[in-house]
């Protein structure tokens with residue numbers, strides 16, 4: 001299969017999917033910082049360079065391919081060329097940029113074959129209402145489903161494999177209060193040495209939805 005992972009971060013899934021694609025004569029494509037965008041930040045450029053260096057070992061990972069991804073990026077590949085697009089814990093970021101979520105959902109649909117799969121993992125706000133634009137990192141399942149359906153997908157399955165019933169979703173610094181980020185102060189401020197970390201570390205990582213969509217149009 002041809003698998004495209006969007007914004008793979010540090011490469012958790014890359015460690016699994018790239019070797020598997022190589023072993024099965026498939027393709028693993030990482031949607032990373034769009035170097036064609038003159039406004040892409042130096043930090044994003046460095047993160048892409050570091051990622052490419054980390055996965056340069058073709059004996060271990062096969063030939064990892066790259067495509068630019070962002071708010072103004074071009075297609076993720078030839079129309080109807082991918083079997084699977086997946087993204088983990090990124091939708092809340094796209095919601096904060098006007099017009100980006102519909103744009104990227106349409107990009108996913110365009111690159112997938114008919115019947116292709118879109119896989120989504122995301123911090124889940126339910127049962128409480130979602131904050132405006134998912135600003136605390138938590139997104140409602142309904143918002144994700146609506147965005148996917150508008151782009152031509154149908155919800156095919158959902159799983160509770162990434163659920164965490166201990167997550168109260170009312171943390172002072174949003175989802176980033178929890179591991180692995182473990183934020184104890186506002187962004188840009190120094191960590192608070194007297195912050196009570198124990199209660200948040202006891203929760204663990206966030207409660208997450210895990211959804212599978214199928215391209216239907």
Here are some residues: 13, 94. Which one is surrounded by 15 or more Cβ atoms within 10 Å (Cβ to Cβ), assigned to a helix (DSSP H, G or I) and touching a residue at least 60 places away in the same chain (Cβ under 8 Å)?
13
Looking at residue 119, is it within 19 Å of residue 32 (Cβ to Cβ), over 13 Å from the mean Cα position of the chain (by Cα) and touching a residue at least 24 places away in the same chain (Cβ under 8 Å)?
no
For the stretch 145-174, which residues satisfy the criterion of being under 20 Å from residue 127 (Cβ atoms), part of a loop (DSSP other than H, G, I, E, B) and touching a strand residue (DSSP E or B) at 6+ places or on another chain (Cβ under 9 Å)?
160, 161, 162, 163, 164, 167, 169
Can you confirm whether the stretch 131-154 contains a residue that is under 30 Å from residue 198 (Cβ atoms), surrounded by 14 or more Cβ atoms within 10 Å (Cβ to Cβ) and over 17 Å from the mean Cα position of the chain (by Cα)?
yes
Since residue 183 meets every condition but one in (1) surrounded by fewer than 16 Cβ atoms within 10 Å (Cβ to Cβ); (2) in a loop (DSSP other than H, G, I, E, B); (3) without any contact (Cβ under 8 Å) to a residue 24 or more places away in the chain, which condition does it not meet?
(1)
Suppose we filter 31, 77, 68 for residues that are surrounded by 16 or more Cβ atoms within 10 Å (Cβ to Cβ) and part of a loop (DSSP other than H, G, I, E, B); which single one remains?
77
List the residue pairs whose Cβ atoms are under 6 Å apart, where the first residue sits in the stretch 125-138 and is more than 18 Å from residue 210 (Cα to Cα), the second is outside any loop (DSSP other than H, G, I, E, B), and the two are 6 or more positions apart or on different chains.
133/95; 136/174
Kindly establish whether residue 207 is surrounded by 14 or more Cβ atoms within 10 Å (Cβ to Cβ), closer than 20 Å to residue 8 by Cα and at pLDDT 95 or above.
yes
When you look at residue 22, is it out of contact with any helix residue (DSSP H, G or I) (no Cβ under 8 Å at 6 or more places or on another chain) and either exposed (fewer than 13 other Cβ atoms within 10 Å of the Cβ) or modelled with pLDDT of 95 or more (or both), yes or no?
no
Tell me, yes or no, whether the stretch 97-117 has at least one residue that is buried (at least 18 other Cβ atoms within 10 Å of the Cβ), at pLDDT 95 or above and assigned to a loop (DSSP other than H, G, I, E, B).
no
Quick one: which residue in 36, 53, 49 is over 30 Å from residue 207 (Cβ atoms) and assigned to a loop (DSSP other than H, G, I, E, B)?
36
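The values are calculated or read from the model by the stated rules, or taken from the named source; none is laboratory data. Keep in mind that what you see is a predicted model, and the values were worked out from it rather than measured. Note: ideal-geometry Cβ built from the backbone for every residue, glycine included; neighbour counts use all protein chains shown.
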